[in-house]
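Asks: Below are the C-alpha cells for one structure; questions will follow.
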Amino acid sequence: MSVIGGGPWSIPPTTRPPRPHTVTAASALLTLAGVVQLAVLPLTYWHQEFYYDAEKSFDPASGVAFAAFGVVGQLAADLVTALLAVTFLVLAGFTAVGVNGARIASWACGPFLVCCATVGILRTPRPLSLIYSPDDLDRIGELARERMPDWLEPLLVVLGAGAPLAMLVALLLLALPPANAFFRRPVSVAPGWHLRAGDWVPGPPAQG
C-alpha cells in the first residue's frame, strides 16, 4: 500500500482476464480433433472389412492370413490414437479455464495425434504387395469399392484430414499473444492481492 496525497492508495486485486476468442476457438478445435479422430476409428475398420471380404473372395488362404496380421498391427496403433484423442478432450476442458499445463501438454502431444491422423489417411487396407501383384491389388480394390457405400471413402478422407488440420490451428492459436496473457500465472504480492508479470505498481510519492 502507498500513501498518495495524504490518503491511502491500494492496489486493486487483479483477476484473470476474460478468456479471449483465440483460446475459446482453440479449445473448440481441440475438442473437434478428438471427437473426429474417435469417429474415424470405427469407420476405418468398417472400410477395411470391405477390403478383407474382397480379398477373401479373391484368394481365401492369403486373405485370411493377411486380415489377421493387419488387425493385430492396427489395433495397437489405433489404441494409441484413441488414447490421444481422449487426452485432447480432457485437455480442451482445462485449456478453456486457463490451465497453462494443459496448453503445454497440448503442444507436446499435438504432433503425435497429427502424425497418427496423417498415417491413418495414408494407410490402406489393401493386402501386402509381396503377396499380390499390382494387377491383383487393383482388382481387389475394385471389388471392395463395388460393395462399400460411395460416400464412405470420401468421408474418411475429409475427417482424416480435418483432425490434424484442426489440431494444428488450435496449437497456433494457443501461441498467440492474447492466449499468453490469459495463461499468465498470477504473482502474489500480499494476502488477497495478486499481480501478473508485467503489471505496473506505483511506488510511494517522491519526498520534496
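The values are calculated or read from the model by the stated rules, or taken from the named source; none is laboratory data. These numbers were taken from a predicted model, which means no experiment stands behind them. Neighbour counts are summed over all protein chains in view; Cβ atoms, including those assigned to glycine, are modelled from backbone coordinates with ideal geometry. Heavy atoms of the whole protein, side chains included, go into the accessibility calculation; ligands, DNA and RNA do not. Shrake-Rupley method; radii C 1.70, N 1.55, O 1.52, S 1.80 Å.
Asks: Residue by residue through region 148-160, what is 3J(HN,Hα) from phi via Karplus (6.51 cos²θ - 1.76 cosθ + 1.60, θ = phi - 60°)? Round to whole Hz and write x for glycine and proline.
Replies: Karplus values, whole Hz, x for Gly and Pro: 8, x, 5, 8, 5, 5, x, 5, 5, 5, 5, 5, x.
Asks: Say R0 is 30 Å: what FRET efficiency, to the nearest 0.05, do LEU152 and ALA181 get from their beta-carbon distance?
Replies: 0.10
Asks: Please calculate the 1.4 Å probe accessible area of ARG184, with all protein chains present, and give it to the nearest 10 Å².
Replies: The accessible area of ARG184 comes to roughly 90 Å².
Asks: To continue, here is another question. Express in Å², to the nearest 10, the accessible area of SER57 obtained by rolling a 1.4 Å probe over the protein heavy atoms while all chains stay in place.
Replies: 70 Å²
Asks: Next up: What does the accessible area of MET148 come to, in Å² to the nearest 10, when a probe of 1.4 Å is used?
Replies: Near enough 10 Å² of accessible area.
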